[in-house]
1. Run a plain Debye calculation on the range 76-215 (Cα atoms as equal point scatterers, no solvent) and give log10 I(q)/I(0) at q = 0.18 Å⁻¹, rounded to two decimals, same order as the q list.
2. Give me the extension gain from residue 94 to residue 51: residue separation times 0.36 nm, minus the current Cα-Cα distance, reported in nm with one decimal.
3. Can you put 92, 171, 181 in order of Cβ neighbours within 10 angstrom, beginning with the fewest?
4. Given R₀ = 51 Å, what would the calculated FRET efficiency be for residue 13 paired with residue 212, taking r from the Cβ atoms and rounding to 0.05?
5. Please work out the FRET efficiency for the pair residue 78 and residue 276, using the Cβ-Cβ distance as r and a Förster radius of 51 Å; give the result to the nearest 0.05.
6. Equivalent ellipsoid semi-axes for the range 130-171, as square roots of 5 times the alpha carbon gyration tensor eigenvalues: give them largest first, rounded to whole Å.
7. Taking the Cβ of each residue in 99, 105 as the centre, tally the other Cβ atoms inside 10 Å and list the residues starting with the fewest.
8. Report Rg(Cα)/(2.2 N^0.38 Å) for the chain, keeping two decimals.
């Protein structure tokens, strides 16, 4: 039995799909400037990487065409579509049973990607960067991830400040959960946004506070993969941060994480299995 074993049924378009948590979300970056160079892919590379991730046990593949790394410039919507749609279409055709996610804050990109085969929208803006996003996701009939971020990717790491980071993130996500449900979205996941407008101290405070976030009643997605909160402590760069990522993913599972979003699927799946063995 997996750690935090939890079977739920999500509405994905016209189907009710059983989803067992925790699950591992593999990252496919259709971008030229992701902070982790090995995750950048073209269509052929995406197909190879998707196959490897699915074979390793990924339950979800997250495809994005606009980097959200600190300091990233905004990508024009036409360029984001040009990057994302060929990858979504190709992966969906090759692996029609795979659950695909589109990583975007734009409603037009979400619409096009879902029509091309995606079955979840992962929005770093939580519906605030594009007011059309929540109504669009409701019409599309797919699950939705709302993430907390202070500022935008271009500004978020310019001296982020909170009076009480945990209380403020809980309050924000509670409000966005309510807004998503009010818009008609049936299934919502919440992401505290590790590394998005937060210092290393903020990030570790949120990691310790995952049980408090669980009280909101929605599945929790965490994205810790190769981030600065690891590299600053260990003195590594992203290419050297696999071991640190696995350590933090294990802590996240122990604190209630339901979805691990990351670049290295096999190691995360092993962490899920080992935490389950420890518990059971």
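All of the numbers you see were taken from the coordinates with simple rules; none came from a lab. All figures in this text were calculated on a predicted structure; none of them were measured in a lab. Glycine also receives a Cβ, built like all others from the backbone with ideal geometry; neighbour counts cover every protein chain displayed.
1. For the range 76-215 at q = 0.18 Å⁻¹, log10 I(q)/I(0) is -1.02.
2. Working: separation 43, 0.36 × 43 = 15.48 nm, distance 0.90 nm.
Length gained between residue 94 and residue 51: 14.6 nm.
3. Sorted ascending by nearby Cβ count, the order is 171, 181, 92.
4. Approximately 0.95, to the nearest 0.05.
5. That gives a FRET efficiency of 0.70.
6. With the √(5λ) rule applied to the range 130-171, the semi-axes are 27, 14, 7 Å.
7. With the sparsest Cβ surroundings first, the list reads 99, 105.
8. Against the compact-globule rule of thumb, the ratio is 0.91.
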